[in-house]
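Presented below is the structure to which this report refers.
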Amino acid sequence: MAQGHGAGAFPASGASVGSGAFSEGGATPAAASSIDVGLSAATPATTAERIVGEQVAPSWLPAGSRVQWIVGAAPPAPMGLVRLLIRDGDRVFCVPRERTGALDLPTRRVGEADPAGLKAILALGIEVTGSTEPPRWVGVVRNIVPAPSGDYGWPAPVAHFGVWQMENMPRIDGQWLDAGEETSSLKERHWFPLLALDRLP
């Protein structure tokens, strides 16, 4: 996997990752009330987690680190990024990352006041689809970094990067990429094992 959660992969500011359609300040006042109402609905009832994959010493993290892919758990903290998954069969909706232009899921960086990223993902869902329906929790990529290097920009020793799913179609510009193709560039994304291993409906 070539793209990761290491330093330089995402913006250092609180801005969303994408084509510029997302605002750093979050949702509008009208949408904010929907976010407050939807917080509990965005969190599953069970807190039991299931590790569906693990990699020791991944190349994109400091030495001595490992990464896990986890499903079936409530969103953990601290959450570094939230990502919104919208599917149409095998196709996945993507937007360009701000820095590199590489296509990825719509993404938002999480602030300290929102440790599990629930407000961030609800606001992102509203911005991308216009719907106040709470996204469904899918799973998380967990970085375990006992000895962070100076350029590692996430909480240590543990940081999380969550994925939620919506059935609503996007109202912003983007591209649909086929995640089922053998040569799909999405297989380089660190969230991809959540899509592949969990066999999402």
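A few remarks follow.
- Checked against (1) open to solvent by 30 Å² or more (accessible area, probe 1.4 Å); (2) in a strand (DSSP E or B), Val67 meets all criteria but (1).
- Given (1) under 29 Å from Ala48 (Cα atoms); (2) open to solvent by less than 60 Å² (accessible area, probe 1.4 Å); (3) at pLDDT 95 or above; (4) within 15 Å of the chain's Cα centre (by Cα), number of the condition Leu194 does not satisfy: (3)
- The condition of being open to solvent by 50 Å² or more (accessible area, probe 1.4 Å), within 21 Å of Gln55 (Cα to Cα) and modelled with pLDDT under 95 holds for Pro155.
- With respect to the conditions (1) open to solvent by 40 Å² or more (accessible area, probe 1.4 Å); (2) of a type in the set (Ser, Thr, Tyr); (3) within 12 Å of the chain's Cα centre (by Cα), Thr100 falls short on a single one, namely (3).
- Residues that are more than 22 Å from Cys94 (Cβ to Cβ) and either aromatic (Phe, Trp, Tyr) or open to solvent by less than 40 Å² (accessible area, probe 1.4 Å) (or both) within segment 158-186 comprise just one, Ala159.
- So Glu127, is it under 19 Å from Ile172 (Cβ atoms), part of a helix (DSSP H, G or I) and out of contact with any Lys or Arg (no Cβ under 6 Å at 6 or more places or on another chain): yes
- Number of residues in segment 85-111 that are under 20 Å from Leu122 (Cα atoms) and touching a Cys at 6+ places or on another chain (Cβ under 7 Å): the value is 2.
- Boolean, Trp176 is part of a strand (DSSP E or B) and in contact with a strand residue (DSSP E or B) (Cβ under 6 Å, 6 or more places away or on another chain): yes
- Qualifying residue in segment 122-144 (condition: acidic (Asp, Glu), buried (at least 16 other Cβ atoms within 10 Å of the Cβ) and within 23 Å of Val67 (Cβ to Cβ)): no
- Reported count of residues in segment 130-166, each being assigned to a loop (DSSP other than H, G, I, E, B) and in contact (Cβ under 8 Å) with a residue 60 or more places away in the chain, is 14.
The values are calculated or read from the model by the stated rules, or taken from the named source; none is laboratory data. What you see is a predicted model; the values in this text were computed from it and never measured. When we count neighbours, we look across all protein chains shown, and the Cβ atoms used for this are built from the backbone with ideal geometry, even at glycine. Areas reflect the complete protein model, heavy atoms only, side chains present, ligands, DNA and RNA absent. Shrake-Rupley method; radii C 1.70, N 1.55, O 1.52, S 1.80 Å.
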